[in-house]
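Some notes on the structure that comes next.
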Amino acid sequence: MATVSHEVAHELEAFIVQEARLADESKYQDWEDLWADDAVYWVPLREGDDPTKTVSHLYDNRTRLATRIRQLKTGYRYSQVPISGLRRVVSNYEYTEQEDGRYTVEANFYLPEYSIQSIHDFRIWSGRVTYQLSRRGDSFQIHMKKIVLVNGAEPIPTLAFLI
Amino acid sequence: MTKKIDYKALIQADKIHGSVYTADEIYEDELEKLFYSSWVFIGHDSEIKNAGDYITREIGRSSIIMVRGKDNDIKVLVNRCSHRGNMLCNESKGNKRNFTCPYHGWVFGLNGDLLDVSYPGGFDKPLDSLNMQGLVVDSYRGFVFACFKEPTVSFDDYLGNAKKLIDRSCEMSPTGKIDLKAGWIRQHFDANWKMLPENDTDGYHVNYVHQSFVMAIDSQYGEFVGAEDSIKGVVKDWGNGHTEIDFSAGYVKPLDWLGSTLEKSKTYVDNMRAAYGEEKADKILFDGPPHACIFPNLFLGEMNIVIFQPTGTTSSVQWSTPMFLEGAEELDFKLLRQSEGALGPAAFLLADDASIAERAQKALLAGDPWCDLSRGLSRETKDDDGVITSHMTDEASNRGFWHHYRSVMLGDN
């Protein structure tokens, strides 16, 4: 584990900002294209949960991630028809480089959602996000994105958008 | 209650009045009659394996504690200090030697008995006059139910045919025991709690609410969304408000319900045949687990256990956890992922059910207040035990829920 240079940190942040915008704007295909074949897209209930023993809000491998995107793209995923208004802020970045050359980026996020599928409700989502990234071409690919909500173990409303 | 609610008029054989979902006075009446005076599901004994293990749950507005005592006895206690009303446990689970109130230090045993009062010099009452409030508790195959008051219906009479449904869940395990240890997802709905059990045994909505899932992936549910005469599943009204979608007649091969095959799940299949004999095991492996609601707040959701929690006239919480099987731990990973796929706020299925329920909650306030519930009335059949069966798209299951609901709310039960 090593810290990364200023230049690499800047590149990683730019990638995450792009990923956040694609998720905010429900650009499903562009967002899916960021993922590597060994993808893990994971929202546990709590920090420290073991996904082989504990249920998660979602724990997608590459195949299930593709199913999720296909479902959203049908136009009949009622929990995202119409799509939510989303604008997240990602901050407090911490970067490390693994021995295998992959990067780990941790950050806090603050995500206002305006939900308009049933009741019209302004919601705040917040938590800690951890990415495992590696270089692909002149950008990066996502191996893992783990999102630990501050209230993941409490009752939470529909979470059908890309978090 | 300022005026008497006319449940006979609001709930009829073929229709129900929308106010049952929207009226605050009906919600208050339900808390009193269904949740504070009748049997409700609390939890499963596998959640509290050791002496001192406890979980907390919400029944109506009451936080309650289910705890295993030193004598292995399970108690269900109101989570409230008998002194000045403070909450004794504010964690969802844990292990304790006793319950100590953080406010003035009163100490209660795991059985709810008041053991010690701090600075006893100024306190004259006998300790046993201020024990924690306990609920009447009974259980069937580890499923723990409780009643706040002395029940007017015996536990056996309340469960009725639901015992057969619980048997079917337990018999998915080669040892006959389930193990709830994967944690609970809690999903908030801005909808009345009754929409949850209704929807869970409504076979009619699958092809509509879940068409995006059917379009996105091949699953066992694909066998239940064809033309009307090709759907082999049925709905059942087992009496006492217990209802089911029975998918078994629609499955085309063993382990369809698990998305697996006899070859892929060989260890499980071998252990089941060793436990139950080949004939019975193969029937269990073909038919799969029940998809059934036990009135009022428990859902045997195939390989999941689900609890319905009312939190207000227009809000509710659905709890869900995968149903792990003792003696079949090799299935745990698959059951976790299957549970996440179906249930919870991010799931392929329940996310959409929530949005649809919330749309209904809003629209029920508009225009003609009646909801039609007549589908299948002319083709449902009743067997010698009084169990009603009908086509999977029929509303026989929902009529069963409402028929029993009405009798409890009228005080007939």
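Test B:Lys177 against the stated conditions and say whether it is surrounded by fewer than 16 Cβ atoms within 10 Å (Cβ to Cβ), of a type in the set (Lys, Arg) and modelled with pLDDT of 95 or more.
Considered against the rule, which asks whether it is surrounded by fewer than 16 Cβ atoms within 10 Å (Cβ to Cβ), of a type in the set (Lys, Arg) and modelled with pLDDT of 95 or more, B:Lys177 comes out as no.
Return the residues of the range B:122-141 that are basic (Lys, Arg) and touching a Cys at 6+ places or on another chain (Cβ under 8 Å); say none if nothing qualifies.
B:Arg141 - this is the single residue of the range B:122-141 that is basic (Lys, Arg) and touching a Cys at 6+ places or on another chain (Cβ under 8 Å).
Mind checking which residues of the range B:268-284 are within 30 Å of B:Glu198 (Cβ to Cβ) and of a type in the set (A, V, I, L, M, F, W, C)?
B:Ile284
Okay, residues lined up against (1) of a type in the set (Val, Ile, Thr); (2) closer than 26 Å to B:Asn304 by Cα; (3) not in a helix (DSSP H, G or I):
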{"site": "B:Ile16", "(1), (2), (3)": "yes, no, yes"}
{"site": "B:Ile26", "(1), (2), (3)": "yes, no, no"}
{"site": "B:Asp29", "(1), (2), (3)": "no, no, no"}
{"site": "B:Glu32", "(1), (2), (3)": "no, no, no"}
{"site": "B:Ser37", "(1), (2), (3)": "no, no, yes"}
{"site": "B:Tyr54", "(1), (2), (3)": "no, yes, yes"}
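Is it the case that A:Thr63 is surrounded by fewer than 22 Cβ atoms within 10 Å (Cβ to Cβ), hydroxyl-bearing (Ser, Thr, Tyr) and more than 8 Å from chain B (Cβ to nearest Cβ)?
In short, yes.
Quick one: how many residues across the range B:139-162 are under 22 Å from B:Asp412 (Cα atoms) and surrounded by 15 or more Cβ atoms within 10 Å (Cβ to Cβ)?
Number of matching residues: 12.
Give me the residue from the range B:309-333 that is within 9 Å of another protein chain (Cβ to nearest Cβ) and in a helix (DSSP H, G or I) and, out of that set, surrounded by the most Cβ atoms within 10 Å (Cβ to Cβ).
Selected residue: B:Asp332.
What number of residues within the range B:334-360 are more than 7 Å from chain A (Cβ to nearest Cβ), assigned to a helix (DSSP H, G or I) and within 26 Å of B:Leu255 (Cβ to Cβ)?
7
Which residue pairs have Cβ atoms closer than 6 Å, lie 6 or more positions apart in sequence or on different chains, and pair a first residue in the range B:299-317 that is more than 11 Å from B:Gln187 (Cβ to Cβ) and at pLDDT below 95 with a second residue that is surrounded by 21 or more Cβ atoms within 10 Å (Cβ to Cβ) and hydrophobic (A, V, I, L, M, F, W, C)?
Correct list of pairs: empty, since none qualify.
If B:Tyr54 satisfies every condition in (1) free of Cβ contacts under 8 Å to residues at least 60 places away in the same chain; (2) closer than 27 Å to B:Gly160 by Cα; (3) buried (at least 16 other Cβ atoms within 10 Å of the Cβ) but one, which is the exception?
(2)
I need every pair where a residue in the range A:1-12 that is on the phi < 0 side of the Ramachandran plot has its Cβ under 8 Å from the Cβ of a residue that is part of a helix (DSSP H, G or I), sequence separation at least 6 or different chains.
Note: pairs meeting the criteria are A:Val4/A:Leu12.
Scan the helices (runs of 4 or more DSSP H) fully inside the range B:180-232 and keep the ones with 2 or more residues being at pLDDT below 95 and more than 8 Å from every other protein chain (Cβ to nearest Cβ).
Helices (runs of 4 or more DSSP H) meeting the threshold: B:206-209.
The values are calculated or read from the model by the stated rules, or taken from the named source; none is laboratory data. Worth saying up front: this structure is predicted, and the values here are computed from it rather than measured. Cβ: placed from backbone, ideal geometry, glycine included. Neighbour counts: every protein chain shown.
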